[in-house]
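Data first, discussion second: the structure below is written as structure tokens.
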Amino acid sequence: MWQPATERLQVTYLGKVSTAGMQFLSGCTEKPVIELWKKHTLAREDVFPANALLEIRPFQVWLHHLDHKGEATVHMDTFQVARIAYCTADHNVSPNIFAWVYREINDDLSYQMDCHAVECESKLEAKKLAHAMMEAFRKTFHSMKSDGRIHSNSSSEEVSQELESDDG
């Protein structure tokens, strides 16, 4: 069934960096974001146009990569909302950055945690993405609970808190 997009914005994808042993507390994405930001600022010229379209939907996040003309390419990354461990739009390096930590499952069924980051045009846009992600978490959680994928012995308050975004 078709679901309308929650939020769709042109962004500059800064990349991803693997994180190990991360505790998902306020400020936990600061170090990976600084690393991505440094790489980005070293590589960019004065004006770095949006290179992606980030679309946050109820159960998935789509990152459409754009070509140098600003048109969507065939390449798109899909992130399952249920595998996003943390997100935030509160970074000291730049208030325009939105970041999320994603549990990537490898071919051998092990997993790694990757921090992804995008630069938005404004702090307000970064906050909009954080709020859209929070709403996507809620919809995903409620769907998983009603489908029986989350059992009643899990405290819904605990799981809801884990799904909350830290948007400062």
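In order along region 111-120, the phi-based Karplus estimate (6.51 cos²θ - 1.76 cosθ + 1.60, θ = phi - 60°) of 3J(HN,Hα) comes to 9, 9, 9, 10, 9, 9, 9, 10, 9, 9 Hz; Gly and Pro are listed as x.
The label-point distance for SER18 and SER122, in a model that sets each label 7 Å from Cα toward Cβ, rounds to 3.9 nm. Measuring spread by the Cα atoms of region 78-118 yields a radius of gyration and Dmax of 11.8, 37 Å.
Highest mean packing first, where packing is the average number of other Cβ atoms within 10 Å per residue, the peptides 122-128, 24-30 line up as 122-128, 24-30. Over all Cα atoms in region 67-148, the spread is summed up by Rg and Dmax: 14.9, 45 Å. Which value in Å is the Kirkwood Rh of region 51-101 over different Cα pairs? One over the average 1/r among Cα pairs gives 12.2 Å for region 51-101.
Taking the protein heavy atoms of region 7-146 in the context of the full set of protein chains, the accessible area attributed to carbon and sulfur is 51 percent at 1.4 Å. Solvent-accessible surface (1.4 Å probe) assigned to ARG83 amounts to roughly 60 Å². Rg of the Cα atoms in region 7-146, relative to 2.2 N^0.38 Å, amounts to 1.02.
The values are calculated or read from the model by the stated rules, or taken from the named source; none is laboratory data. Since the model is a prediction, treat every value here as computed from it, not as a measurement. Glycine gets a Cβ as well: all are built from the backbone with ideal geometry, and neighbour counts include every protein chain shown. Surface areas here come from the heavy atoms of the whole protein model, side chains and all, with no ligands, DNA or RNA. Shrake-Rupley method; radii C 1.70, N 1.55, O 1.52, S 1.80 Å.
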